[in-house]
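Worksheet: the structure to be examined is printed underneath.
Laboratory data are not the source of any read-out in this text; all were calculated from the coordinates shown. The model shown is predicted, which means the values in this text are computed figures rather than measured ones. Every residue, glycine among them, receives a Cβ derived from its backbone with ideal geometry; neighbour counts consider all protein chains shown.
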Amino acid sequence: MKGIRTMSVLAMLASLSIKAVAGPPFQTDDPQPIDFRNYEFYTFAASDGTAAETDIVTPGFEFNWGALPNVHLHMIVPAAGILPADEPRAFGLGDIELGIKLRFVQEGKHRPMLGTFTMFEIPTGNAAKGLGLGKTWYKVPLWAQKSFGPWTTYGGGGVTLVNAPGYRDYPFAGWLLQRDFGKKVTLGAEVFYHGPEGPATPLSRPATLVDVGGYYKFRDPGFQLLFCYGHSAIGLSENYAYLGLYWTWGKKKADGDKPDAPAGAAFNGMHPGLMGAL
């Protein structure tokens, strides 16, 4: 059966974020937006697959803009592909992702940072070929983050709202722990859960994945390599992978923010379910 799929991104988680890293290349995101009047750009490839189907983005392009203090605007334009196990493959423009990240509680000595990252998946992909849902769908999360020296932990969860034939709303949640190793390397691991997206889709059952990945900062700290790989530990058998390059530029970093840390969206929107959250 030819299911309707959506390709977006990320995220992702994304997603890429590294404030002490958050979001991409992981599926769990963080509440920390990029600084006011700063910019981020990513180019990446990502894959998420089950025995029924593998969905890919190659390449994907992400842009984030610190439009206001504590607010950044987000967009992902993906070149998408679906690789079903026993049906024709399809490639083309996927659903474009737009988002708004809002931090409403600053991190304190004993207080975590809190924020949200609402995303809108715009139906630009060809639904007849399985490259989009044909309808707008949404992701509404709540994220928290706390740092302790070289360690950072963040996570939370939310709901994906899908009003399309064969799909249904489903929850997602994740938590991540990461550590800086010197000035060039950050490594982390996450546990990420998503519910079933619908009875007739590749993600018809829930799954809990364990992902490991990180960031490598080149000589210019505003230029980084991001990478992640994971596999489900509980539930539906699922694989996740992300590889990307990241650039940032703009005004001087605000006090209290870690420098040169991506704050994009966690990559989690190949279609509702595949890629997890975000």
Förster radius 30 Å - calculated FRET efficiency between Ala67 and Leu187 (Cβ-Cβ, nearest 0.05): 0.45
Given charges at beta-carbon only (K, R positive; D, E negative), |dipole| of the stretch 38-250 in Debye: 780 debye
Tell me whether the stretch 138-198 comes out rounded, prolate or oblate; compute the Cα gyration tensor, take square roots of the eigenvalues as a ≥ b ≥ c, and use a/c under 1.5 as the rounded threshold. prolate
Please enumerate, by chain and number, the aspartates and glutamates with C-alpha under 15 Å from the C-alpha of Lys139, excluding those fewer than 8 residues away in the same chain. Asp29, Asp30, Asp95, Glu97, Glu121, Asp169, Glu197
Ranking Tyr240, Tyr170, Tyr193 by Cβ neighbours within 10 Å, fewest first, what do you get? Tyr170, Tyr193, Tyr240
Neighbour counts of other C-beta atoms within 10 Å: give me Phe181, Phe117, Phe192, Phe41 arranged from fewest to most. Phe181, Phe41, Phe192, Phe117
Per the charge dipole of the stretch 38-250 (beta-carbon charges, Lys/Arg positive, Asp/Glu negative, Cα centre), the residue among Gly182, Leu98, Ala52 reaching farthest to the positive end is Gly182
Dipole of the stretch 38-250 (Lys/Arg Cβ +1, Asp/Glu Cβ -1, origin at the Cα centre): which of Leu68, Ala207, Trp247 lies farthest to the positive side? Leu68
